[in-house]
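What follows is one structure encoded as structure tokens, with my remarks underneath.
Every number here is computed from the coordinates shown, using simple stated rules; none is lab data. Just so it is clear, the model here is predicted, and its values are computed rather than measured. With ideal geometry, Cβ positions are generated from the backbone for all residues, glycine too; neighbour counts draw on all protein chains shown.
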Amino acid sequence: MKKFAAKAASALCAFGLGMALTASVQAATSNEAMIERIKPIGSVCVQGDENCGGAAAAAATSTSGARSGEEIYTGKCAACHTSGVLGAPKFGTNEMQLRLDEKGMEMLLSHAINGFNAMPPRGTCADCSDDEIQGAIDHMLAN
């Protein structure tokens, strides 16, 4: 009976030690997984900050210089104005010219910048300047 009790006690100690080790490994894995889940996706870089490296310079060069009206139209406006979504004047037809004759350039530009009916302000080009939007309108009128 003493041998049985000794073996049972030994087995219980081994079992308890194994459980403690498993719990410790799981806790470490859980902490690592939690840290991975809550880490920041990105970081904010303020222009002039030394910690930014070349990211600020790359951003400054990519946004410098005005884009052409054709670039703006192709990248931002064509999605709606090619097919006339929700009443947008279709590109390549006289619809844009008719609106110009009816409302005038100031009103067309105002609608493009501030939004009109289903068109949101600045269409889908939140980063376009007023001049770039004017260029896109001119491009649509020329074609």
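The table below gives the values:
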{"item": "At R0 = 35 Å, FRET efficiency that the Cβ-Cβ distance of Ile41 and Glu106 yields, to 0.05", "result": "0.25"}
{"item": "Lysines whose Cα lies under 27 Å from that of Lys90, excluding same-chain neighbours fewer than 8 positions away", "result": "Lys76, Lys103"}
